Amino acid sequence: MTMWRPVTGEIYRLDPHLFTPEIFQEFFATQRVLGRARAVDEHFELEIAVTGRRRRIAVLDDEGSVIPGMPLAELVDQMDAAFRKSQIALGSEIRYGDLDLGEVDIDVDDDVDILTRLAEQPSLQVASAQTPEDEDDEDEEEVDEAPVLILSDMVLAEVPALASSAKVSLAVMPHGHLRAAVASSGVDVRKRIFPRPVFLLTLTTQGPEGPKLVINVDNHRPVTWLWKEGQLPLLDWMEEEEAAREFADEQLGAGAVARRAILETEQASAAGVRRALLEGPHMGPAFFIQAMGLPPEIVDILEGRLGVDGLPGAEVFGSSSFRETMRDVIALEISGHGVAGPKMWKYYRKLYLDHPALMNAVASTQAAVGGTVFAGALRSGRGKASKWVAGIGAFLMVNAVSRVLTTQWIQEAMQRSEAAQKLAILAAEARSQREEIAAQERHPDRGRPQADNDASAKAKPTDNSGPDSSLPSGS
């Protein structure tokens, strides 16, 4: 199955008389390129689908099947040749149209005088004094201060540090393989977490652009969806082709955004998310949250009618001291909700935390052995070998003491961390439910209620061949 991905861009009409919308539509009809486009002022917004490393574009063949066509670079070259006085920026391909300015006489003295006067203007001197670093700071994207929904594959142990560094309240709950978090104000997760999450979806409803959805997937450009703009209309020639319309609904516009939104979740369907994206700006985000399988209280939080602590089943983290943040991070990491694999921490807890008396006995024995070796090395003499043996003994003592102190601190952190305790209770409940289900599958009759057995006993036929006991004998 061919994997398609959308590519967007703009085509600017530098001369509207030479490059008309009819010429634009006729080109794509001739090439049978599948896409969506819209004319905005003096330029066209364009969206097409590509596949593979060569980025071959999606076209419709004569039999009505969607197949990979020419590479994107070749398509842009043909567009540059067909469209007069245009500038094309499609994906990473950019073409500047050739402009015929005619012939003019060259006067070097006049050109030198003009350049000298321009260089003496104060406005140009101020502009030249601006450094590239200043330009980067101006171009840096600002984060909205409105509440935001975050759906990401970040581990739970990273959330306390994220909330503390961003100074926001963050309610987190599991959502399949992902974590759903609602922040009281805007927070840039990709800049505050390392390594960056592979999948990151953010949704805001109170920004200056209205409801806004942004999806970041590793090694791909961010995809932005604005409900007030909607999706681009189909190219004119595609209206009469059913296969072309179906392809555009699934792979372009709202369909492409929906497929990317459910990339890492099993609680949603592409069709339901696509219908939510095509709703109006007022109800679209609510339908989107419903289609993603998230609690409806998230809508009230994004609209400011409810605080983040009102999200049921979520753990709330806020701005706290460094000691409390580190305690929660360590507790969640060792509980198996961190970067390292949960199986490794399972062995660690079984070895160090589940049997503290045994661990203390081993550490005491190690410290005693280390002290004996250290004292014996000091009494033996001042040779080089004695110094090495004394160092080994000191290392054994320090290692034993540090292991005991570290284990005690970790035990205290896990006991004081409310998030770790809550997750431990949920894990125990889930484990007991799995055990009950497994027991019922092994012995299906064992879990049958007693009432069912009584009913089946009453339903058994009785032997009425003997005399009726209700009648007196001899009657």
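Report the gain in length on full extension from Ile67 to Asp15: 0.36 nm times residue separation, minus Cα-Cα distance, nm rounded to one decimal.
Length gained between Ile67 and Asp15: 15.3 nm.
List, largest first, the extents of the alpha carbons of the range 236-347 along their principal axes, each in whole Å.
65, 39, 21
At a Förster radius of 56 Å, what calculated FRET efficiency corresponds to the Cβ-Cβ distance of Ser321 and Thr372, to the nearest 0.05?
Details: r = 42 Å, r/R0 = 0.75.
Once rounded, the FRET efficiency stands at 0.85.
Between Glu412 and Arg305, what FRET efficiency comes out of the Förster formula 1/(1 + (r/R0)^6) with R0 = 35 Å and r the beta carbon distance, rounded to 0.05?
0.35
Measure off 7 Å from each Cα along the Cα-to-Cβ vector at Tyr348 and Ser269, then give the distance between these two points in nanometres to one decimal.
About 4.3 nm separates the two model spin labels.
Considering only protein heavy atoms, what per residue accessible area in square angstrom results for the range 252-359 with a 1.4 angstrom probe?
Here the residues of the range 252-359 average 52 Å² of exposed surface.
What is the calculated FRET efficiency for Gln440 to His177, with r their C-beta to C-beta distance and R₀ = 41 Å, to the nearest 0.05?
So the FRET efficiency works out to roughly 0.95.
Starting from the Cα gyration tensor of the range 279-318, multiply each eigenvalue by 5, take the square root, and state the resulting semi-axes largest first in whole Å.
Three semi-axes, in Å: 20, 12, 6.
Along the range 384-400, what does the Karplus equation 6.51 cos²θ - 1.76 cosθ + 1.60 (θ = phi - 60°) give for ³J(HN,Hα), rounded to whole Hz, x for Gly and Pro?
5, 5, 5, 5, 5, 5, 5, x, 5, x, 5, 4, 5, 5, 5, 5, 5
Skipping prolines and chain starts, which residues have an amide H placed within reach, meaning under 5 Å, of the one on Leu178, given they are 5 or more residues away or on another chain?
When sequence neighbours closer than 5 places are left aside, there are no close amide H contacts.
Residue-wise, which Karplus ³J(HN,Hα) couplings in Hz belong to the range 285-291, taking 6.51 cos²θ - 1.76 cosθ + 1.60, θ = phi - 60°, and x for glycine or proline?
x, 5, 5, 5, 4, 5, 5
Got a sec to turn the phi values of the range 155-162 into Karplus ³J(HN,Hα) couplings, 6.51 cos²θ - 1.76 cosθ + 1.60 with θ = phi - 60°, whole Hz, x for Gly and Pro?
With coefficients 6.51, -1.76 and 1.60, one gets 7, 5, 5, 7, 5, x, 5, 5 Hz.
At 7 Å along Cα-to-Cβ for each site, give me the label-to-label distance between Glu242 and Glu229 in nm.
3.3 nm
So between Glu209 and Thr2, what do we pick up on full extension, going 0.36 nm a residue minus the alpha carbon distance?
Taking 0.36 nm per residue and subtracting the Cα distance, the gain is 71.1 nm.
Taking the Cα centre of the range 144-298 as origin and charging only Cβ (+1 Lys, Arg; -1 Asp, Glu), how large is the dipole, in debye to the nearest 20?
Dipole of the range 144-298, to the nearest 20 debye: 820 debye.
Averaged per residue, what accessible surface does the range 21-78 expose to a 1.4 Å probe, in Å²?
48 Å²
Could you look at the range 280-322 and say what percent of its accessible area is carbon and sulfur, using a 1.4 Å probe and all protein chains?
Details: 1270 of 2160 Å².
It is 59 percent, rounded to a whole number.
Test of the criteria: in the range 165-244, which trypsin sites (Lys or Arg not before Pro) are in a DSSP loop and have at most 15 other Cβ atoms within 10 angstrom of their Cβ?
On the way: sites: Lys167, Arg179, Arg190, Lys191, Arg192, Lys212, Lys228; in loops: Lys167, Lys228.
Answer by residue number: Lys167, Lys228.
So for the pair Glu45, Gln87, with labels modelled 7 Å out along Cα→Cβ, what separation do we get in nm?
1.9 nm
Provide, as a two-decimal number, the C-alpha radius of gyration of the range 171-308 over 2.2 N^0.38 Å, N being how many residues it has.
The value comes to 1.09.
The values are calculated or read from the model by the stated rules, or taken from the named source; none is laboratory data. Bear in mind that the values here come from a model prediction, so they are computed numbers and not experimental data. Reconstructed Cβ throughout: ideal geometry from the backbone, glycine too, with neighbour counts over all protein chains shown. Ligands, DNA and RNA are excluded from the accessible area calculation, which covers all protein heavy atoms including side chains. Shrake-Rupley method; radii C 1.70, N 1.55, O 1.52, S 1.80 Å.
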